[in-house]
Every structure is written in C-alpha cells, then in structure tokens.
Amino acid sequence: QVQLVESGGGLVQPGGSMRLSCAASGSIFSIYAMAWYRQAPGKTRELVASIRGDSTNYANSVKGRFTISRDNAKNTVYLQMNSLKPEDTAVYYCNAVLSTGINSWGQGTQVTVSS
C-alpha cells in the first residue's frame, strides 16, 4: 500500500506560478512511476505529467510551462507550474503506479487560475 498526500493548491492569477507537492508513504519501494493528473468540472481526468526514473512525459497543453520532479530522499514528487492559464483550473491528483500494476491516488488539491 502507498499513501499519497498532495499540497500546494490554491488561487493564482493568470501568468502566475505554483508548486504542488505529493508526499508518498508506505511501500515506497513498490512504486514504478508517479504522475500528476487533473480533472476540470465536467471533464474527464487527464494526464498532466509523469516521471519514471529520469524519464518525464508531459501533456502537450503544459509542455514548456510545467515541470515534474522528484526528491527521493523526501519521497516527494513536485509539479512546478509556470505561466498558468485559466484553463489550467482543475483538481490536481497525484498518482503512483506500483510494480503490481495497482494505481494509488491522492485526495486531490484544487488549483484555480483567475484574476
């Protein structure tokens, strides 16, 4: 079992920056990859960025603006979001894919981009 706790959401103006954090606990050794997803009202949950080892992947809509990184010593994954747009408004979820194929999810954190 892996538990994930997100933090860092809130309200930010368009063009601003925000960093989300996801702290993992439990069976850390079983984590194969981690990712950030988001879900806007009325829309399906979508992949924002993922990281496995030194390899990262981004949705086209956030390339060049968002950066996913990890601190293994702190068992934490980050999502640095720059040049935020109103369309980035969503609940952001941290995800961990375990070596067993099981997905673990955090509770989500709201990000609102508005003036």
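The values are calculated or read from the model by the stated rules, or taken from the named source; none is laboratory data. Quick caveat, the model's predicted, so the values are computed rather than measured. We place every Cβ from the backbone using ideal geometry, glycine too, and count neighbours over all the protein chains shown. For the accessible areas, the whole protein counts, side chains as well, though only heavy atoms, and no ligand, DNA or RNA atoms are used. Shrake-Rupley method; radii C 1.70, N 1.55, O 1.52, S 1.80 Å.
Which residues does a label at A23 reach in the stretch 77-103, if reach means a backbone N under 16 Å from a point 7 Å past the Cα toward the Cβ?
77-79, 94
If you place +1 on the Cβ of every Lys and Arg and -1 on the Cβ of every Asp and Glu, how big does the dipole about the Cα centre of the chain come out, in debye to the nearest 20? Don't skip to the answer; put the middle values down first.
On the way: 10 positive and 6 negative charges, 22 e Å.
Dipole magnitude for the chain comes out near 100 debye.
Can you pull the one-decimal nm distance between simple spin-label points at E87 and R65, each 7 Å off the Cα toward Cβ?
Placing both labels 7 Å along Cα→Cβ, they lie 0.8 nm apart.
State the extension gain, in nm to one decimal, for the chain segment bounded by S55 and Q107, taking 0.36 nm per residue of separation less the distance between their alpha-carbons. Mind showing how you got there, number by number?
On the way: separation 52, 0.36 × 52 = 18.72 nm, distance 2.50 nm.
Full-extension gain reported as 16.2 nm.
Amide H neighbours of F66 under 5 Å, counting only residues 5+ apart in sequence or on other chains, H built in-plane at 1.01 Å?
The answer is N82.
Taking a ≥ b ≥ c as the square roots of the eigenvalues of the Cα gyration tensor of the stretch 29-72, is the shape rounded (a/c under 1.5), prolate (a/b larger than b/c) or oblate?
It comes out oblate by the Cα gyration axes.
Name the residues of the stretch 45-89 whose amide N is less than 16 Å from a point 7 angstrom out from the Cα of A33 along the C-beta direction?
Counting backbone N atoms under 16 Å from the label point, the list is 46-60, 68-70.
For the stretch 10-68, run through the chymotrypsin sites (Phe, Trp or Tyr not before Pro) and keep only the ones in DSSP coil with at most 16 other Cβ atoms within 10 Å of their Cβ. Write out the running numbers ahead of the final one.
Numbers: sites: F29, Y32, W36, Y37, Y58, F66; in loops: none.
Those that pass, being in a loop and sparsely packed, number zero.
Once you have a ≥ b ≥ c as the square roots of the Cα gyration tensor eigenvalues for the stretch 13-115, tell me rounded if a/c is under 1.5, and otherwise prolate or oblate according to whether a/b is larger than b/c. It would help to have the intermediate numbers written out before the result.
On the way: a/c = 1.95, a/b = 1.66, b/c = 1.17.
The shape class here is prolate.
Ignoring ligands, DNA and RNA, what percent of the accessible area of the chain is carbon or sulfur (1.4 Å)? All intermediate terms of the calculation are to be shown ahead of the outcome.
Details: 2920 of 6100 Å².
About 48 percent, which is the carbon plus sulfur part of the accessible surface.
Just the number please: accessible area per residue for the chain, 1.4 Å probe, all protein chains included, in Å².
Details: 6100 Å² over 115 residues.
Result: 53 Å² of accessible area for each residue.
Could you tell me which residue out of T67, L47, G15 lies farthest along the dipole of the chain toward its positive end? Charges go on the beta carbon: Lys and Arg +1, Asp and Glu -1, centred on the Cα centre.
The residue sitting farthest along the positive end of the dipole is G15.
Which trypsin sites (Lys or Arg not before Pro) in the stretch 31-83 pass both tests, a DSSP loop state and at most 16 other beta-carbon atoms within 10 Å? Could you put the intermediate results ahead of the total?
Values: sites: R38, K43, R45, R52, K63, R65, R70, K74; in loops: K43, R45, K63, R65, K74.
Those that pass, being in a loop and sparsely packed, are K43, R45, K63, R65, K74.
To the nearest 20 debye, what is the magnitude of the charge dipole of the stretch 21-74 about its Cα centre, counting +1 on the Cβ of each Lys and Arg and -1 on the Cβ of each Asp and Glu? The partial results should precede the final answer.
Working: 8 positive and 3 negative charges, 37 e Å.
About 180 debye.
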